[in-house]
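The values are calculated or read from the model by the stated rules, or taken from the named source; none is laboratory data. What you see is a predicted model, and the numbers here were worked out from it, not measured in a lab. Positions of Cβ are generated from backbone atoms using ideal geometry, with glycine treated the same way; all protein chains shown enter the neighbour counts. With ligands, DNA and RNA removed, areas are computed over all heavy atoms of the protein, side chains included. Shrake-Rupley method; radii C 1.70, N 1.55, O 1.52, S 1.80 Å.
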Amino acid sequence: YYSTRSEKDARKVGYFVCVLLSLGPPLFFIPAMAARVFMPEIPAERMNEVYALVCKNVLPVGFMGMVIAAMILQLLAASGITMLIFWETMALTVYLAMCLEHGRSEVREAGLQYLVASHITTLLVIVLFAQISQYGGHSFPAGGSLAPDTPAAAAIFLTALVAFGIKAGIMPLH
């Protein structure tokens, strides 16, 4: 559901959604293709389960549930504060799961890089919510309440792109 102020804005949103729906699905195939190369022990008939198998093999018992719960609760958050609480819960849970093999130096280095990148994104998300709060207070503003052609909208979009891009691993932000 998208809310816009005018038919012209609705067309812009429609075009943007078409671009996202065109580019997004092919990106979902990249982890499955990488798993074929990096995890050849997964049989071909189970490749449709690659995401769950990778999580099961990488994350220890209990951590996968905590990460998934934090991810879902981020999406259900009604305000920036609750979203940030679940954002940090997910980040720290993944960090702890990564560092279970802390005896290896490359694991410690990867864990530190993840923690630094995660906290940079947290700071950027705080900046993002500070920008958004000018339009809706502590809760998220209503759809269409910010004109898309203003400098504030561009600043909010770019901040969100960099913050979530680092977290999602969009190159070259990762």
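Conditions (1) under 18 Å from Lys167 (Cβ atoms); (2) touching a Gly at 6+ places or on another chain (Cβ under 8 Å); (3) open to solvent by 70 Å² or more (accessible area, probe 1.4 Å); (4) at pLDDT below 75, marked per residue:
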| position | (1), (2), (3), (4) |
| --- | --- |
| Leu20 | yes, no, yes, no |
| Gly24 | yes, no, no, yes |
| Ala32 | no, no, no, yes |
| Val50 | no, no, no, yes |
| Cys55 | yes, no, no, yes |
| Gln74 | yes, no, no, no |
| Thr89 | yes, no, no, no |
The residue from Leu100, Leu96, Leu123 that alone is more than 30 Å from Arg11 (Cα to Cα) and at pLDDT 85 or above is Leu123
Pro40 passes all but one of the listed conditions (1) farther than 26 Å from Tyr95 by Cβ; (2) modelled with pLDDT under 75; (3) open to solvent by less than 100 Å² (accessible area, probe 1.4 Å); the exception is number (2)
Could you please give the count of residues in segment 83-113 that are among the hydroxyl-bearing types (Ser, Thr, Tyr) and farther than 17 Å from Met71 by Cα?
1
Report whether or not Leu112 is at pLDDT 85 or above and outside any loop (DSSP other than H, G, I, E, B).
yes
